[in-house]
Amino acid sequence: MRAPTPRRFGGSALAATRQPAGSSPAPRRVLRIALLALMGALLAACVPDAPQDALDPAGPIARQQDGLWNLVFPIAVGAFVLVQGALLIAVWRFRQRPDDDDTELPKQVAGSTKLEILWTLIPAVILAGIAVPTVAAIFELAQEPEDAMQVRVVAKQYWWEFEYLDEGKEGVVTSGQLHIPTDTPVYLTMESLSAQIPDPGGIEPKEGQVASGVIHSFWVPRLAGKQDVMPGGVENLTIQADEPGRYEGQCAEFCGLSHSRMRFQVIAQDEAEFNDWIAEQSETQDPGDREGLAAEGEELFDTTTCIECHAIRGYETPEGREADIRIGPDLTHFATRDTLAGGIVENNAENLEEWLRDPQAMKAGAQMPNLGLSDDEIEALVAYLQSLD
Ligand code: CUA
């Protein structure tokens, strides 16, 4: 702790207020800091290849929405410049001057019908004009496209689950990373469910299950606009990507302590690559197929109660119990994802150890409990999880 600095003006608050405004260094410093902050904000908009740039659409849906922005933005800027310009001119022209007679009132005006009609009519015409393409786009984008790939999206605290529903893809469940084929519309059916209750699947909310869900918002800026996901409802959104690539997404509605860490990635692949990925994800794990640390970890998955929340398709305990509960993420092909903890950190041994040791430290409010695992247990579980490819 530093000792407080002695007051410069004899300790009187009054003394400070007597300084003529503008000559004291404090307001100038505030102005300089404000200008720097403004410049920083402006420069931040110039980052090339920003991963979440809604003005750099990467698919037809986002492009259509961006087209509306391109139409509305210049009109809005024009209106802003006209209105603010008129205001500034009025403030400058009719400012108080030293030789003004303060007793003389300005000329009193009691309204102008012509002006009032004009400034009501012009905005009304502009808004009606903008409404035509906007409303048309809203209705068009709300349609389910033909031949769309169907994915069920479940928002939980604080991660996203993706379940593939089409024939030949059923049973594939991932979290944090949504793989899609390029040039194919993907129709998302979204729900918000409580993270504490097992998810039995299907696209209708189950009774009792939605009660403790919260509002999330699904947003991949380069592929489509935001879609809020309400507890108790089913929401739809179509996304589509032109080119293979990685598109960053995030939850865009405050949903709790780790809202800002509720991220995900959409990974677009060309059709052949996507089909290979689906084939790989469709496979189940062989129980008892591992040796050494990974085999120890496989056993711990049951004995340290991971099995009470996580599914691993193909997993079986010696007593014949399957791992099919979907409270937490499905871990069947955990090692094929490159992020963990809801898309926030790289999926590597170090981060995984940290996560298992104390999930709350990495992601406050996460529903994953601290199981009080020993170092040896963590090491074995990491070996097992990393074998789930
Ligand atoms: Cu989920 Cu914010």
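Quick check on segment 276-293: of everything there that is outside any loop (DSSP other than H, G, I, E, B) and either open to solvent by 70 Å² or more (accessible area, probe 1.4 Å) or more than 29 Å from residue 149 (Cβ to Cβ) (or both), which residue is nearest to the ligand (Cβ to nearest atom)?
280
Could you check how many residues of segment 251-275 are within 15 Å of the ligand (Cβ to nearest atom) and either touching a Gly at 6+ places or on another chain (Cβ under 9 Å) or in contact (Cβ under 8 Å) with a residue 40 or more places away in the chain (or both)?
Qualifying residue count for the region: 10.
Scan segment 200-224 residue by residue and report those that are assigned to a loop (DSSP other than H, G, I, E, B), open to solvent by less than 40 Å² (accessible area, probe 1.4 Å), modelled with pLDDT of 55 or more and within 16 Å of the ligand (Cβ to nearest atom).
213, 220, 221, listed by residue number.
Does segment 234-245 contain any residue that is within 13 Å of the ligand (Cβ to nearest atom), assigned to a loop (DSSP other than H, G, I, E, B) and open to solvent by less than 10 Å² (accessible area, probe 1.4 Å)?
There is no residue in segment 234-245 that is within 13 Å of the ligand (Cβ to nearest atom), assigned to a loop (DSSP other than H, G, I, E, B) and open to solvent by less than 10 Å² (accessible area, probe 1.4 Å).
Regarding residue 161, is this residue open to solvent by 90 Å² or more (accessible area, probe 1.4 Å), within 30 Å of residue 215 (Cα to Cα) and touching a residue at least 60 places away in the same chain (Cβ under 8 Å)?
It is false that residue 161 is open to solvent by 90 Å² or more (accessible area, probe 1.4 Å), within 30 Å of residue 215 (Cα to Cα) and touching a residue at least 60 places away in the same chain (Cβ under 8 Å).
Out of segment 70-120, which residues are touching a helix residue (DSSP H, G or I) at 6+ places or on another chain (Cβ under 7 Å) and open to solvent by 70 Å² or more (accessible area, probe 1.4 Å)?
Passing the criteria: only 71.
Only residues that are among the β-branched types (Val, Ile, Thr), away from the ligand (no atom under 16 Å from the Cβ) and open to solvent by less than 40 Å² (accessible area, probe 1.4 Å): list them for segment 135-158, please. Give the derivation first.
Within segment 135-158, the subset among the β-branched types (Val, Ile, Thr) is 135, 138, 151, 153-154.
The next check asks that each one be away from the ligand (no atom under 16 Å from the Cβ); those that pass are 135, 138, 151.
Residue satisfying the conditions is 151 alone.
List the number of the failed condition for residue 106; all other conditions in (1) in contact with a Phe, Trp or Tyr (Cβ under 9 Å, 6 or more places away or on another chain); (2) closer than 30 Å to residue 232 by Cα; (3) free of Cβ contacts under 8 Å to residues at least 60 places away in the same chain hold.
All conditions pass for residue 106, except number (2).
The values are calculated or read from the model by the stated rules, or taken from the named source; none is laboratory data. What you see is a predicted model, and the numbers here were worked out from it, not measured in a lab. Note that we place each Cβ from the backbone using ideal geometry, even for glycine, and neighbour counts take in every protein chain shown. The accessibility values were calculated without ligands, DNA or RNA, using every heavy atom of the protein model including side chains. Shrake-Rupley method; radii C 1.70, N 1.55, O 1.52, S 1.80 Å.
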